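Asker: Here's a structure for you.
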Amino acid sequence: MDKNLVMREDKIRIAFDHFRHTEGDCLTLTDFKDIFKGEEKQAKEVFTILDSDGDGKVSFEDFKNAIEQAMDPSDVSAE
């Protein structure tokens with residue numbers, strides 16, 4: 001396995017754990033409300049984007065996929 005890939009995943013895990021304020025191994029809407037300091041509309045918007053499978057929580061895989069997609073310069077989508 002590529003050492004840079006492992007290091008990048010470790011950094012993503014650190015960020016994920018930093019944002020997780022509730023118990024469990026997923027980010028919840030409550031976590032996002034904390035991140036956005038009570039701005040519920042913004043929290044829900046970002047939460048919905050990151051909850052790619054629509055299960056009501058943001059798993060590490062959801063979070064990692066979003067970060068990797070954001071970091072991929074070849075994935076430029078026209079909106």
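Asker: In nm, what is the difference between 0.36 nm times the number of residues separating Phe19 and Val6 and their Cα-Cα distance? Show your work: numbers first, answer last.
Answerer: Values: separation 13, 0.36 × 13 = 4.68 nm, distance 2.02 nm.
Length difference between fully extended and current span is 2.7 nm.
Asker: Where only protein heavy atoms count, and the probe is 1.4 Å, what is the accessible area per residue for the chain in Å²?
Answerer: Each residue of the chain exposes 74 Å² on average to a 1.4 Å probe.
Asker: Determine Rg/Rh for the chain; Rg is computed over alpha-carbon atoms and Rh is the Kirkwood hydrodynamic estimate from the same atoms. Mind showing how you got there, number by number?
Answerer: On the way: Rg = 13.4 Å, Rh = 13.4 Å.
So for the chain, dividing Rg by the Kirkwood Rh gives 1.00.
Asker: Quickly work out the Phe60-to-Thr48 label distance, labels modelled 7 Å from Cα along the C-beta direction, and quote it in nm with one decimal.
Answerer: 2.9 nm
Asker: Go ahead and set up a Gaussian network model of the chain, Cα springs under 10 Å, then flag whichever of Glu68, Glu40, Glu23 fluctuates most.
Answerer: Glu23
Asker: Placing +1 on the Cβ of each Lys and Arg and -1 on the Cβ of each Asp and Glu in the chain, which of Met7, Thr48, Phe63 has its Cα farthest towards the positive end of the resulting dipole?
Answerer: Towards the positive end, the residue furthest out is Met7.
Asker: Something else about it: Once phi is turned into θ = phi - 60°, what whole-Hz ³J(HN,Hα) does the Karplus curve with 6.51, -1.76 and 1.60 give for every residue of region 8-24, x standing for Gly and Pro?
Answerer: Using θ = phi - 60°, the values come out as 5, 5, 4, 5, 5, 4, 4, 5, 4, 5, 5, 7, 7, 9, 9, 5, x Hz.
The values are calculated or read from the model by the stated rules, or taken from the named source; none is laboratory data. It should be emphasised that the depicted structure is a prediction, and the values quoted were computed from it without experimental measurement. Positions of Cβ are generated from backbone atoms using ideal geometry, with glycine treated the same way; all protein chains shown enter the neighbour counts. In case anyone asks, the SASA skips ligands and DNA or RNA and just uses the protein heavy atoms, side chains included. Shrake-Rupley method; radii C 1.70, N 1.55, O 1.52, S 1.80 Å.
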